[in-house]
Amino acid sequence: SYRRALLGTAENEAVAITRLAHLYDDAGDRPKAAYYFQLLVEHAVKNAGALQDTAPSNSGLPLQGQGQMDELATACLFLASYEHDRGNPSVALRYLAQVVDGANSGGISQQRVDEAKAMMRAVSQNESI
């Protein structure tokens, strides 16, 4: 089980957390998906570099280079949407700012940055995202 894999190395933990987040998201359980995406963000901060070249995409295949940052951007975008839907626009904007700020250090695809900027405009204009 993925939960048992959380007891392994930092890299294994990152992979398991990411897969759990996507599994819950795919199953439509947004609160549990948000929990695991938040764990992923916290894990990345705690274990800087632990996600390098190991974060899975939706297909579960290893990513190279910018994949780790894109996975974190995906987590932040999900969490921004989740928090906005819960009525927390300031929290949503913080997650979106992380994506845009992360682009300055490289590693995040332009698509994710553009998505974050569009979501920031929508949140600022009090529209649904």
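The values are calculated or read from the model by the stated rules, or taken from the named source; none is laboratory data. Computed from a prediction, not measured in an experiment: that's the story for all the values here. Note that we place each Cβ from the backbone using ideal geometry, even for glycine, and neighbour counts take in every protein chain shown. Quick note on the areas: whole protein, heavy atoms, side chains included, nothing else; ligands and nucleic acids left out. Shrake-Rupley method; radii C 1.70, N 1.55, O 1.52, S 1.80 Å.
Before we move on, is Val15 over 30 Å from Ser124 (Cα atoms), modelled with pLDDT under 90 and assigned to a helix (DSSP H, G or I)?
Yes.
Condition check ((1) on the phi > 0 side of the Ramachandran plot; (2) open to solvent by less than 50 Å² (accessible area, probe 1.4 Å); (3) within 14 Å of the chain's Cα centre (by Cα)) across all residues:
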residue: Asp70; (1), (2), (3): no, yes, yes
residue: Ala75; (1), (2), (3): no, yes, yes
residue: His84; (1), (2), (3): no, yes, no
residue: Arg94; (1), (2), (3): no, no, yes
residue: Arg112; (1), (2), (3): no, no, yes
residue: Glu115; (1), (2), (3): no, no, yes
residue: Ser124; (1), (2), (3): no, no, no
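I need the full set of residues from region 14-40 which are closer than 18 Å to Arg94 by Cβ and open to solvent by 20 Å² or more (accessible area, probe 1.4 Å), in order please. Don't jump to the end; show me each part of the working.
So in region 14-40, the residues closer than 18 Å to Arg94 by Cβ come out as 34-35, 37-40.
Result: Tyr35, Gln38, Leu39.
Looking only at region 43-101, filter to residues that are among the polar types (S, T, N, Q) and in contact with a Leu (Cβ under 7 Å, 6 or more places away or on another chain); which one of those is modelled with the highest pLDDT? Spell out how you get there, then give the answer.
We begin by selecting, within region 43-101, every residue among the polar types (S, T, N, Q); these are 47, 52, 54, 57-59, 64, 66, 68, 74, 81, 88, 90, 98.
Filter once more, keeping what is in contact with a Leu (Cβ under 7 Å, 6 or more places away or on another chain): 57, 68.
Numbers: Ser57: 37, Gln68: 78.
Top of the filtered list is Gln68.
Assuming Gly106 fulfils every condition listed in (1) outside any helix (DSSP H, G or I); (2) buried (at least 16 other Cβ atoms within 10 Å of the Cβ) apart from one, which condition is it?
(2)
How about region 102-115: which of its residues are closer than 20 Å to Ala33 by Cα and either acidic (Asp, Glu) or modelled with pLDDT of 95 or more (or both)? Write out each step before concluding.
We begin by selecting, within region 102-115, every residue closer than 20 Å to Ala33 by Cα; these are 112, 115.
Once the filter is applied, which keeps residues that are closer than 20 Å to Ala33 by Cα and either acidic (Asp, Glu) or modelled with pLDDT of 95 or more (or both), region 102-115 yields only Glu115.
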